[in-house]
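Remarks on the structure that follows.
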Amino acid sequence: MLSQKRFIGYGMTGGMAAIIDLGLFLVFVGLDMAVPLAATASFLVAAIFNFTSSSLLVFKTPVTGKRFLRFLSVASIGLAINVGVTWLVYEALDHPAASKAIGIGIAFVFNYIAHSLLVFRPAAGEEPR
């Protein structure tokens, strides 16, 4: 499941999700939302996009409720990494965009590995693609 082709595809869909995440984060912060709450809300919207696009375009697996629940379980760890890093870097640099970009980058690496191994592997009875 860990292949260069999939990593590039996941990078592309993840990149689009990162743009969604960062853009919404900046909108929310601009609306005076607290940084941890803004980071959480933007991440969750981006996660829904990332699950759907990764399922259909990268891993070519069915979009199922069971897989989505596994995705959310893994994504919650990615969320903690994303928000925690964003908050720590923000406290050190006082620069929201740079903080969020670093949080996204670190969470991306974790998410790719965990999603590849735990979420998008073929389920019992599914053919690998």
Flag for residue 23 being small (Gly, Ala, Ser), out of contact with any Asp or Glu (no Cβ under 6 Å at 6 or more places or on another chain) and either surrounded by 13 or more Cβ atoms within 10 Å (Cβ to Cβ) or modelled with pLDDT under 90 (or both): yes
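For (1) under 24 Å from residue 90 (Cβ atoms); (2) in a helix (DSSP H, G or I); (3) among the small types (Gly, Ala, Ser), each residue gets a yes or a no:
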| residue | (1), (2), (3) |
| --- | --- |
| 38 | yes, yes, yes |
| 41 | yes, yes, yes |
| 45 | yes, yes, no |
| 53 | no, yes, yes |
| 62 | no, no, no |
Matching option when the condition is more than 13 Å from the chain's Cα centre (by Cα) and at pLDDT 90 or above, among 69, 93: 93
Top-ranked residue of region 12-38 - restricted to ones that are over 14 Å from residue 82 (Cα atoms) and in contact (Cβ under 8 Å) with a residue 60 or more places away in the chain, ranked as nearest to the chain's Cα centre (by Cα): 26
Within region 49-70, considering residues that are within 18 Å of residue 105 (Cα to Cα) and not small (Gly, Ala, Ser), the one surrounded by the most Cβ atoms within 10 Å (Cβ to Cβ): 50
Matching residues in region 1-36 - criterion: being over 23 Å from residue 91 (Cα atoms) and outside any helix (DSSP H, G or I): 1, 2, 3
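Just one of 40, 13 is more than 13 Å from residue 108 (Cβ to Cβ), polar (S, T, N, Q) and surrounded by 13 or more Cβ atoms within 10 Å (Cβ to Cβ); which is it?
After applying the criteria, what remains is 40.
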Close pairs from region 54-70: first without any contact (Cβ under 8 Å) to a residue 24 or more places away in the chain, partner surrounded by 18 or more Cβ atoms within 10 Å (Cβ to Cβ), Cβ under 8 Å, at least 6 apart: 63/51; 63/55; 68/51
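The values are calculated or read from the model by the stated rules, or taken from the named source; none is laboratory data. If you're wondering where the values come from, they're calculated on a predicted model, not measured in any experiment. Note that each Cβ is placed from the backbone with ideal geometry, even for glycine, and that neighbours are counted across all protein chains shown.
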